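To start, the structure under review is shown below, and the notes come after it.
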Amino acid sequence: MEGNCFTVSRHAVNSDKQIIIVITYVNEARSSITHQPINSNCSLLSPQINHKSLDQHLKVEFNLQSSMEKPQQHILVACYPAQGHINPTLRLSKRLAREAGVRITFSTAVDAHRRMFPNQEAGVLHDDLFAYIPYSNGYDDGFDPKIHDIRTFMYDSKQNGSRTLAAIVDDQAARGQPITCIIYSFFMSWAAEIARERGIPSFLFWIQPATAFAVYWHYFHDESILAAKLSDQLSVVNLPRLPPMRIRDLPSFITENSPDGPYAVFTPFIREMFEMLDTEISIQSSKPLVISNTADEMEASAIVSVADKVNIVGIGPLLEDTVEGSLFKSDDKNGYMDWLDRQEERSVVYVSFGSISVLKKEQVEEISKGLRLSGRPYLWVLRKDNRWEGQELVEEEDEGVKKAKGMVVEWCSQGKVLGHKAVGCFVTHCGWNSTVESFLCGVPTVAVPQWTDQFTNAWLMEKAWGTGVRAEVSKDGLMEADELRRCLEIVMGEGERLEEIRRKVDMWKEKARQATVAGGSSQRNLMAFVEEIAS
């Protein structure tokens with residue numbers, strides 16, 4: 001034991017490297033901490049150690065020591081505590097560590113960190129220096145919409161997160177491992193303020209499509225270009241150097257931003273991200289660089305549309321090294337993969353609306369009816385918060401038909417499912433991560449966007465790429481059963497339109513793949529970014 005840490009059994013990587021895993025758990029109610037064994041190939045040299053600590057949260061560090069010189073760059077990656085934010089941000093972090101050899105400290109809020117490591121498991125350790133150190137947003141037990149106010153949560157997260165993330169930066173400097181760059185994700189612009197106060201460069205990682213970024217940029221710099229048209233969902237808008245779009249294709253944080261609207265709380269925090277970029281322009285007299293989970297080939301017009309003010313660097317699409325689907329679950333207790341193995345090629349409808357969207361009871365019922373009407377086998381992910389007491393998910397059918405035609409699960413490994421040959425269509429909310437995954441797996445989509453950038457993603461999928469169809473909804477915002485059946489016939493039936501969709505799917509899948517391989521545009525952009533921060 002040395003200082004404030006202890007070592008576990010060493011595993012030789014090669015003749016001059018060894019792995020040391022350090023785990024620290026701090027309980028605010030006690031001045032001492034207890035170290036518990038982790039589920040790994042290592043065994044603890046000392047099973048229980050108590051000592052004082054300045055930390056206020058759970059800390060898991062992965063430390064790869066080498067007799068060789070350590071990487072000069074040390075990037076702090078600050079991430080908002082939602083799975084849809086953590087997934088791409090962690091993938092970016094791993095790529096930076098693996099491909100560029102930089103030291104990474106990944107920081108998200110304590111509650112999300114605990115979900116990532118429920119048993120203090122080490123997880124994946126690259127051949128580089130990689131640490132997980134959470135900040136506290138004041139909600140260490142998580143946000144509960146039943147008892148917490150979202151507006152208060154957002155502002156508390158900014159205040160508490162700023163203080164505790166700054167403490168991490170200062171602590172790393174005191175340990176002789178100073179942060180040389182901060183990458184911050186959506187809703188985390190306050191991390192850029194921490195960087196500026198300490199003379200550290202910072203960069204926004206945009207986890208939505210570059211097209212959504214361009215729409216926000218033009219809107220926040222001239223709201224009059226949309227103000228007169230927001231009341232008409234079908235009204236066509238022409239933003240600078242972007243293809244024509246309708247109001248319904250724009251992010252809901254713009255189109256439904258009235259003071260008493262459901263998204264009013266989020267718009268100021270999005271605006272802050274763009275104000276932070278404007279501040280960089282005024283201070284540096286140069287274009288800020290924004291990292292984006294896209295590829296140049298996928299969204300060329302969007303990148304060009306803001307190129308005179310912002311340099312968008314496409315480093316995506318980002319997917320798991322090995323398809324795992326979720327940071328927070330990994331089992332297949334329902335046997336859905338075995339079930340897929342028994343289905344015919346391209347025959348299954350996969351239905352999932354992500355980790356956040358909560359569907360109305362009426363919408364769940366319409367989806368259920370539409371799937372029955374289609375007569376196709378389906379795998380439907382329906383979380384607990386999308387179910388109601390006494391509700392049957394697949395109604396009016398006997399058990400034999402249910403088992404033959406459909407399977408309903410609370411969770412699945414989406415990457416594995418989309419990559420399975422039996423899946424012929426993805427009915428999706430069109431979150432950007434889901435859009436990208438279907439894109440790279442070559443699966444046509446039926447888009448049913450719910451909020452935020454999902455409407456723009458649906459436009460990209462249907463109009464820009466031609467890889468699927470967007471379902472029409474009623475005045476109440478419901479996709480009705482007959483509409484779902486109609487869309488499924490387009491993307492899974494027969495005819496010229498299906499053949500065109502499949503041709504486009506295959507074409508864009510290959511373009512995205514080419515962008516991410518060695519020498520591709522995204523890989524070149526990533527290395528150019530590393531050179532930029534090192535200069």
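Nothing in this text is a laboratory measurement; each read-out follows from the coordinates by a stated rule. Here the structure is a predicted model, which means the values were calculated and not measured. Glycine gets a Cβ as well: all are built from the backbone with ideal geometry, and neighbour counts include every protein chain shown.
Descriptive notes on the structure:
- Shown is the FRET efficiency for Arg196 and Arg346, computed with R0 = 56 Å from the Cβ-Cβ distance and rounded to the nearest 0.05: 0.60.
- Legend: ranking of residues Tyr135, Tyr155, Tyr219 from fewest to most surrounding C-beta atoms inside 10 Å; resulting order Tyr155, Tyr219, Tyr135.
- Residue order, fewest to most beta carbons within 10 Å, for Met479, Met188: Met479, Met188
- Residues Leu96, Leu226, sorted so that the one with the fewest Cβ neighbours within 10 Å comes first: Leu226, Leu96
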